[in-house]
Amino acid sequence: MLQDEPKPAIGLWGLPAAVALTLGVGVLSALAGGSGPSPWYDALAKSPLNPPATVFALVWPMLYGLMGLSLWFLLREPESPLRRKALIWFFIQLAVNAVWSWVFFDRHWLGLAVIHIAVLGACVIAFMAAARKISSLAALINAPYLAWLTFAFYLALEVWRLNT
């Protein structure tokens with residue numbers, strides 16, 4: 001690192017903290033949605049493309065881990081208005097994400113869940129656009145997340161369509 005180059009705002013120690021934060025939000029979201037087997041969900045008509053529950057159980061922790069890595073990349077950047085904007089969008093999308101399971105699995109609001117996941121996707125896009133201005137890697141790491149949300153939107157839309 002050159003002498004005049006600013007030091008990262010957070011070191012390597014921040015990586016497990018950032019990942020633990022996002023994984024923790026994922027756990028809280030699952031608990032709010034009533035994690036575990038759901039007779040209500042099992043009884044719903046679903047798309048033929050709906051994967052088994054084990055796929056969801058594998059994919060979501062990986063996505064939360066990638067979100068944590070993305071957060072860490074942002075936190076390593078020096079403080080700036082652009083970084084602050086990206087962090088605001090990061091925490092907005094994380095909060096919107098955290099509520100989705102409650103809306104869908106606990107409240108059974110199928111139509112609102114479809115709208116909710118569309119809003120979540122828009123928040124992730126806004127986050128990625130803001131993050132790209134300071135760390136292209138922080139933005140790019142979220143591409144699988146956005147792809148999964150697109151698929152999840154389709155699945156939620158089909159559940160709503162087939163069950164209302």
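Throughout, read-outs are computed from the coordinates displayed, never taken from laboratory work. If you're wondering where the values come from, they're calculated on a predicted model, not measured in any experiment. Every residue, glycine as well, gets a Cβ built from its backbone with ideal geometry; the counts of neighbours run over all protein chains shown.
Using Cα pairs under 8 angstrom and six or more residues apart, how large is the relative contact order of the range 67-128, in percent?
36
Taking square-rooted eigenvalues a ≥ b ≥ c of the alpha carbon gyration tensor, is the range 51-106 rounded, prolate or oblate, where a/c under 1.5 means rounded and, failing that, a/b exceeding b/c means prolate?
Because a/c hits 1.5 or more and a/b fails to exceed b/c, the range 51-106 counts as oblate.
Got a sec? Charge dipole of the chain, +1 on Cβ for Lys and Arg, -1 for Asp and Glu; which of Gly34, Leu44, Ser70 is way out at the positive end?
Ranked along the dipole, the leading option is Ser70.
Expressed as a rounded percentage, what relative contact order does the chain have, with Cα pairs under 8 Å and six or more residues apart?
Computed over the chain, the figure is 32 percent.
On alpha-carbon atoms, Rg over Rh for the range 1-139 using Kirkwood Rh?
Ratio of gyration radius to Kirkwood radius: 1.05.
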